[in-house]
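Engineer: Next up is a structure, given as structure tokens.
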Amino acid sequence: MSTAESGSALLSQQARGAVTVAKKNALIYYFKPPVLIFGVLFPVFFFLAFSLGRSMPADRIVPAMVAMALWFTASAVGPLVTPWERTSRTYERLISTPIAIQAIVAGDVLSGFAFGISFSLVPLLLGLAFTDTAVASATSLVCGIVLGALAFSSLGVLLAAPPVHGPSYIMMLSNLVRLPLLFVSGIFVPIAEMPAWARWLAPISPLSYCADCIRRGFGETGYFPFWLNPLMLVLFSALFSWAACRFHIRSRAHGL
Amino acid sequence: MIRVRGLTRHYGELVAVDHIDFEVHRGEIFGFLGPNGAGKTTTIRMLTGVIDPTEGSASIDGHDIRTKAIAARRHLGILPEDANVYVDLTVWQNVMLMGELLGAGRRERRLRGEELLETFGLQDRRAQKGRALSKGLRQRLMVCMALIGDPDLLFLDEPTSGLDVASARLIRQIVAERNRRGLTVFLTTHNMGEAEELCDRVAIIDHGKIAAIDTTEGLMRVARSRQSVDVEFAGESPPAAELEAIPDVTAVKRDASRYVLYSEQPGQVAQQIATLATERGYDIAAISTRKPSLEDVYLFLTESNGSP
């Protein structure tokens with residue numbers, strides 16, 4: 001077998017491994033209480049807190065709800081998987097299979113990605129069915145949902161990287177990171193209307209770009225240039241995934 | 001199959017494994033014995049890619065465990081000491097998941113899975129969740145998961161520890177049977193009987209260093225001073241000092257009317273005990289010579305800190 005062939009065989013084997021890891025995560029973790037509480041109930045309650053008693057137009061609520069659902073659901077699976085596997089003593093066997101850490105991380109990202117997209121479709125379809133909102137740019141909407149799910153899921157996996165024994169620490173850490181990033185992302189108040197300090201902070205949140213993209217998808221005016229949103233979401237995804245791999249490899253090498 | 005050179009692992013100041021060297025040949029069952037904390041599990045964790053060595057090198061089937069880690073792990077089956085099954089998955093899902101992770105094709109892993117569940121008596125429980133299984137059944141399932149990829153090399157870390165007799169025996173039988181079909185096995189155990197029964201060669205590790213490596217017979221020869229004569233007197237027994245005075249006796253232990261006399265020449269010592277008994281009028285109820293067991297050798301080597 002030539003080097004190129006063996007390289008492509010290895011890549012295909014690792015890709016299959018990543019899909020297997022994602023399937024395993026879907027079977028085991030999608031319906032675990034921490035995922036349902038922090039991934040599904042959180043955005044519902046935030047939505048209620050955000051919209052009850054305020055007369056807001058549907059074309060502002062629906063994009064915000066889709067982006068928020070995506071933010072919480074896509075980033076909810078990753079933080080649970082590795083700490084749970086460490087605690088339930090299945091992690092060591094997983095990393096001793098011929099699946100590289102990078103493929104395991106890719107599988108974890110993939111499972112969060114699929115979970116995020118599935119659940120964000122609920123407010124999207126409900127919004128389209130029961131309000132007068134309409135999709136103005138499918139490209140922008142799909143771009144926001146797909147790239148947003150990838151970035152948020154990668155963030156979730158990165159949050160799981162610290163070698164702690166017990167998912168509760170990581171779930172706490174994940175909320176410590178996710179909630180401030182939510183508040184500066186322009187979900188509740190458009191970025192242009194936020195105070196200056198918050199406008200400065202908005203670009204550090206991947207949710208800002210995703211929400212901007214989704215809003216454009218519903219025909220609203222964007223805050224960032226259109227091209228910047230997908231670029232930043234891809235960069236965030238790459239950075240989070242790379243950092244997650246580095247941390248996981250480092251923890252493994254040190255036996256943590 | 002496995003080649004280890006100067007393998008070392010530090011945890012901060014602690015040297016868990018200290019420049020060990022050994023080889024495991026294809027087709028053998030290699031026992032890796034040692035007291036708790038001696039470095040057995042750390043060695044397995046390094047060889048299976050769970051942690052990196054601090055120094056030294058190791059290769060599996062010619063693949064360096066660090067530079068060719070994926071290739072080195074491709075044909076391994078692993079039963080980690082402190083592992084568990086996926087408790088939220090069924091028995092069948094656990095086996096299939098591991099087959100998929102190990103790269104077995106769909107048809108291949110189904111056929112093997114059916115065969116393994118049958119062999120390990122888990123067919124009736126295939127739809128049962130991992131959490132519903134007893135410790136013995138979980139361990140059987142974990143061995144199934146280790147074998148589903150049809151490995152060339154199987155790492156077993158304390159595979160029968162804490163198991164019921166039937167499960168332990170079943171696992172031993174299947175390991176021996178697979179070994180006859182060519183499987184190489186790297187086994188750590190605290191059960192000396194198990195090591196004696198299964199292993200072709202044994203390494204004894206203590207304080208992170210290899211104290212001895214040999215066949216079980218070879219190791220027993222190393223501990224010749226642990227050969228003994230067991231003698232039981234009916235009625236009056238001689239004082240211990242009288243037995244200690246017999247030439248070539250290195251130590252005497254007394255347990256009621258039974259004495260154990262350690263010597264490198266147990267046959268001659270037995271004859272002298274008989275002569276002594278005849279001369280002094282002691283009545284011997286039973287007398288026998290005993291070769292050291294692997295347990296004696298293990299204790300001898302680990303208590304003498306690796307310098308027999």
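Engineer: Go through the stretch B:222-251 and give me each residue that's of a type in the set (A, V, I, L, M, F, W, C), farther than 13 Å from B:A274 by Cα, in contact (Cβ under 8 Å) with a residue 24 or more places away in the chain and not in a strand (DSSP E or B). Spell out the reasoning first.
Structural biologist: From the stretch B:222-251, those of a type in the set (A, V, I, L, M, F, W, C) are B:222-223, B:229, B:231, B:233-234, B:240-241, B:243, B:245-246, B:249, B:251; that's our starting set.
From what is left, the residues that are farther than 13 Å from B:A274 by Cα are B:222-223, B:234, B:240-241, B:245, B:249, B:251.
From the residues that got through so far, the ones that are in contact (Cβ under 8 Å) with a residue 24 or more places away in the chain too are B:222-223, B:234.
If the condition is that a residue be of a type in the set (A, V, I, L, M, F, W, C), farther than 13 Å from B:A274 by Cα, in contact (Cβ under 8 Å) with a residue 24 or more places away in the chain and not in a strand (DSSP E or B), then B:V222, B:A223 are the ones that fit.
Engineer: Mind listing whichever residues of the stretch B:178-197 are in contact with a strand residue (DSSP E or B) (Cβ under 6 Å, 6 or more places away or on another chain) and surrounded by fewer than 20 Cβ atoms within 10 Å (Cβ to Cβ)?
Structural biologist: B:N179
Engineer: Still on this structure, please answer the following. Given (1) within 11 Å of another protein chain (Cβ to nearest Cβ); (2) assigned to a helix (DSSP H, G or I); (3) farther than 18 Å from B:L154 by Cα, identify the lone condition not met by B:D124.
Structural biologist: (1)
Engineer: Within the stretch B:253-268, can one find any residue that is under 32 Å from the mean Cα position of the chain (by Cα), buried (at least 17 other Cβ atoms within 10 Å of the Cβ) and either in the same structural domain as B:D21 (by TED's automatic domain parsing) or assigned to a helix (DSSP H, G or I) (or both)?
Structural biologist: Checked the stretch B:253-268: at least one residue is under 32 Å from the mean Cα position of the chain (by Cα), buried (at least 17 other Cβ atoms within 10 Å of the Cβ) and either in the same structural domain as B:D21 (by TED's automatic domain parsing) or assigned to a helix (DSSP H, G or I) (or both).
Engineer: Let me ask something additional. Going by the structure shown, is A:V184 closer than 30 Å to A:R89 by Cα, touching a helix residue (DSSP H, G or I) at 6+ places or on another chain (Cβ under 8 Å), touching a residue at least 24 places away in the same chain (Cβ under 8 Å) and surrounded by 15 or more Cβ atoms within 10 Å (Cβ to Cβ)? Outline the logic, then answer.
Structural biologist: Details: closer than 30 Å to A:R89 by Cα: no; touching a helix residue (DSSP H, G or I) at 6+ places or on another chain (Cβ under 8 Å): yes; touching a residue at least 24 places away in the same chain (Cβ under 8 Å): yes; surrounded by 15 or more Cβ atoms within 10 Å (Cβ to Cβ): yes.
No: the conditions fail for A:V184.
Engineer: Examine the stretch A:198-205 for a residue that is of a type outside the set (V, I, T), under 24 Å from A:D108 (Cα atoms) and in contact (Cβ under 8 Å) with a residue 12 or more places away in the chain, and state whether such a residue exists. Even if it seems obvious, please write down each step before you answer.
Structural biologist: Initial filter on the stretch A:198-205 (of a type outside the set (V, I, T)): A:198-203, A:205.
Next, from what is left, pick out any that are under 24 Å from A:D108 (Cα atoms): A:205.
With the extra rule that they be in contact (Cβ under 8 Å) with a residue 12 or more places away in the chain, the set shrinks to A:205.
Yes: one or more hits.
Engineer: Go through the stretch B:142-165 and count every residue that is part of a loop (DSSP other than H, G, I, E, B), more than 14 Å from chain A (Cβ to nearest Cβ) and among the aliphatic types (A, V, I, L, M).
Structural biologist: 1
Engineer: Of all residues in the stretch A:192-222, which are of a type outside the set (A, V, I, L, M, F, W, C) and part of a helix (DSSP H, G or I)? Write out each step before concluding.
Structural biologist: Taking the stretch A:192-222 first, the residues of a type outside the set (A, V, I, L, M, F, W, C) are A:193, A:195, A:199, A:203, A:205-206, A:208-209, A:212, A:215-217, A:219-222.
If the condition is that a residue be of a type outside the set (A, V, I, L, M, F, W, C) and part of a helix (DSSP H, G or I), then A:E193, A:R199, A:P203, A:P206, A:S208, A:Y209, A:D212, A:R215, A:R216, A:G217 are the ones that fit.
Engineer: Within the stretch A:22-39, which residues are crowded, with 19+ Cβ neighbours inside 10 Å and under 17 Å from the mean Cα position of the chain (by Cα)? Steps first, answer last, please.
Structural biologist: Our first condition is that a residue be crowded, with 19+ Cβ neighbours inside 10 Å; within the stretch A:22-39, this holds for A:22, A:24-25, A:28-30, A:34-35, A:38-39.
The answer is A:A22, A:N25, A:Y29, A:Y30, A:P34, A:V35, A:F38, A:G39.
Engineer: Scan A:A76, A:A64, A:A49, A:A9 and give me the residue that is within 12 Å of chain B (Cβ to nearest Cβ) and of a type in the set (G, A, S). Give the steps one after another, and end with the answer.
Structural biologist: Working: A:A76 fails: within 12 Å of chain B (Cβ to nearest Cβ); A:A64 fails: within 12 Å of chain B (Cβ to nearest Cβ); A:A49 fails: within 12 Å of chain B (Cβ to nearest Cβ).
That would be A:A9, the only listed residue that is within 12 Å of chain B (Cβ to nearest Cβ) and of a type in the set (G, A, S).
Engineer: Return the residues of the stretch B:70-83 that are surrounded by 19 or more Cβ atoms within 10 Å (Cβ to Cβ) and either at the interface with chain A (Cβ under 8 Å from one of its Cβ atoms) or not aliphatic (A, V, I, L, M) (or both); say none if nothing qualifies.
Structural biologist: At the first step, the residues of the stretch B:70-83 found to be surrounded by 19 or more Cβ atoms within 10 Å (Cβ to Cβ) are B:72-80, B:83.
Matches in the stretch B:70-83: B:R73, B:R74, B:H75, B:L76, B:G77, B:I78, B:P80, B:A83.
Engineer: Answer yes or no: is there a residue in the stretch B:94-103 that is at the interface with chain A (Cβ under 7 Å from one of its Cβ atoms), in a helix (DSSP H, G or I), closer than 19 Å to A:A22 by Cβ and of a type in the set (D, E). Talk me through it step by step, then tell me what you get.
Structural biologist: Filtering the stretch B:94-103 for residues at the interface with chain A (Cβ under 7 Å from one of its Cβ atoms) gives B:97, B:100-103.
Add one more test, that the residue is in a helix (DSSP H, G or I), and what stays is B:97, B:100-101.
Filter once more, so that each one left must be closer than 19 Å to A:A22 by Cβ: B:97, B:100-101.
From what's left, of a type in the set (D, E): B:100.
Yes: the stretch B:94-103 contains one or more residues that are at the interface with chain A (Cβ under 7 Å from one of its Cβ atoms), in a helix (DSSP H, G or I), closer than 19 Å to A:A22 by Cβ and of a type in the set (D, E).
Engineer: All but one of (1) part of a helix (DSSP H, G or I); (2) crowded, with 23+ Cβ neighbours inside 10 Å; (3) within 12 Å of another protein chain (Cβ to nearest Cβ) hold for B:Q139; state the number of the condition that does not hold.
Structural biologist: B:Q139 satisfies all of (1) part of a helix (DSSP H, G or I); (2) crowded, with 23+ Cβ neighbours inside 10 Å; (3) within 12 Å of another protein chain (Cβ to nearest Cβ) except (3).
Engineer: State all residues of the stretch A:149-180 that are part of a loop (DSSP other than H, G, I, E, B), surrounded by fewer than 24 Cβ atoms within 10 Å (Cβ to Cβ) and small (G, A, S); if no residue qualifies, say none. If you could, list the steps in order and put the result at the bottom.
Structural biologist: If we filter the stretch A:149-180 for residues that are part of a loop (DSSP other than H, G, I, E, B), which is where we start, we get A:160-166.
Add one more test, that the residue is surrounded by fewer than 24 Cβ atoms within 10 Å (Cβ to Cβ), and what stays is A:161-166.
Selection gives A:A161, A:G166.
Engineer: Same structure again: Of all residues in the stretch B:156-175, count the ones that are more than 11 Å from the chain's Cα centre (by Cα) and touching a residue at least 60 places away in the same chain (Cβ under 8 Å).
Structural biologist: Matching residues across the stretch B:156-175 total 1.
Engineer: Which one of B:A168, B:A195, B:A203 is small (G, A, S) and part of a strand (DSSP E or B)?
Structural biologist: B:A203
Engineer: Continuing with this model, one more query. Just name the residue that is farthest from B:E23 (Cα to Cα) out of those in the stretch B:45-64 that are more than 13 Å from chain A (Cβ to nearest Cβ) and charged (D, E, K, R). Lay out the reasoning, then the answer.
Structural biologist: So the first thing to find is which residues in the stretch B:45-64 are more than 13 Å from chain A (Cβ to nearest Cβ), and the list is B:55-59, B:62, B:64.
Okay, now just the ones that are also charged (D, E, K, R), so B:55, B:64.
Working: B:E55: 17, B:D64: 14 Å.
By that ranking, first place goes to B:E55.
Engineer: Please pick out the residue among A:A22, A:A67, A:A15 that is in contact with a Cys (Cβ under 6 Å, 6 or more places away or on another chain) and not hydroxyl-bearing (S, T, Y).
Structural biologist: Numbers: A:A22 fails: in contact with a Cys (Cβ under 6 Å, 6 or more places away or on another chain); A:A15 fails: in contact with a Cys (Cβ under 6 Å, 6 or more places away or on another chain).
Sole residue among the options that is in contact with a Cys (Cβ under 6 Å, 6 or more places away or on another chain) and not hydroxyl-bearing (S, T, Y): A:A67.
Engineer: Of the residues B:L14, B:L47, B:L89, which single one is touching a residue at least 24 places away in the same chain (Cβ under 8 Å), assigned by TED's automatic domain parsing to the domain that holds B:L163 and over 27 Å from B:R180 (Cβ atoms)? Break it down into steps so the answer makes sense when it comes.
Structural biologist: Details: B:L14 fails: touching a residue at least 24 places away in the same chain (Cβ under 8 Å); B:L47 fails: over 27 Å from B:R180 (Cβ atoms).
Answer to the check: B:L89.
Engineer: Being buried (at least 22 other Cβ atoms within 10 Å of the Cβ), β-branched (V, I, T) and not in a loop (DSSP other than H, G, I, E, B) is the filter; apply it to the stretch A:97-137 and report the residue that is nearest to the other protein chains (Cβ to nearest Cβ).
Structural biologist: A:I104
Engineer: As an exercise: evaluate A:M1 against (1) modelled with pLDDT under 80; (2) under 18 Å from A:S111 (Cβ atoms) and give the number of the one condition it does not meet.
Structural biologist: (2)
Engineer: Go through the stretch B:186-207 and count every residue that is closer than 19 Å to B:G39 by Cβ and either among the hydrophobic types (A, V, I, L, M, F, W, C) or in contact with a Gly (Cβ under 6 Å, 6 or more places away or on another chain) (or both). Reasoning before the result, please.
Structural biologist: Residues of the stretch B:186-207 that are closer than 19 Å to B:G39 by Cβ, as a first pass: B:186-192, B:195, B:199, B:201-207.
Right, trim to either among the hydrophobic types (A, V, I, L, M, F, W, C) or in contact with a Gly (Cβ under 6 Å, 6 or more places away or on another chain) (or both) and you get B:186-187, B:192, B:195, B:199, B:202-206.
Going through the stretch B:186-207 one residue at a time, the tally reaches 10.
Engineer: Still on this structure, please answer the following. With the condition kept exactly as written, say whether any residue in the stretch B:207-219 is in contact with a strand residue (DSSP E or B) (Cβ under 6 Å, 6 or more places away or on another chain) and surrounded by fewer than 19 Cβ atoms within 10 Å (Cβ to Cβ).
Structural biologist: Yes, the stretch B:207-219 contains at least one residue that is in contact with a strand residue (DSSP E or B) (Cβ under 6 Å, 6 or more places away or on another chain) and surrounded by fewer than 19 Cβ atoms within 10 Å (Cβ to Cβ).
The values are calculated or read from the model by the stated rules, or taken from the named source; none is laboratory data. Worth saying up front: this structure is predicted, and the values here are computed from it rather than measured. Heads up, the Cβs are rebuilt from the backbone with ideal geometry, glycines too, and the neighbour counts pull from every protein chain shown.
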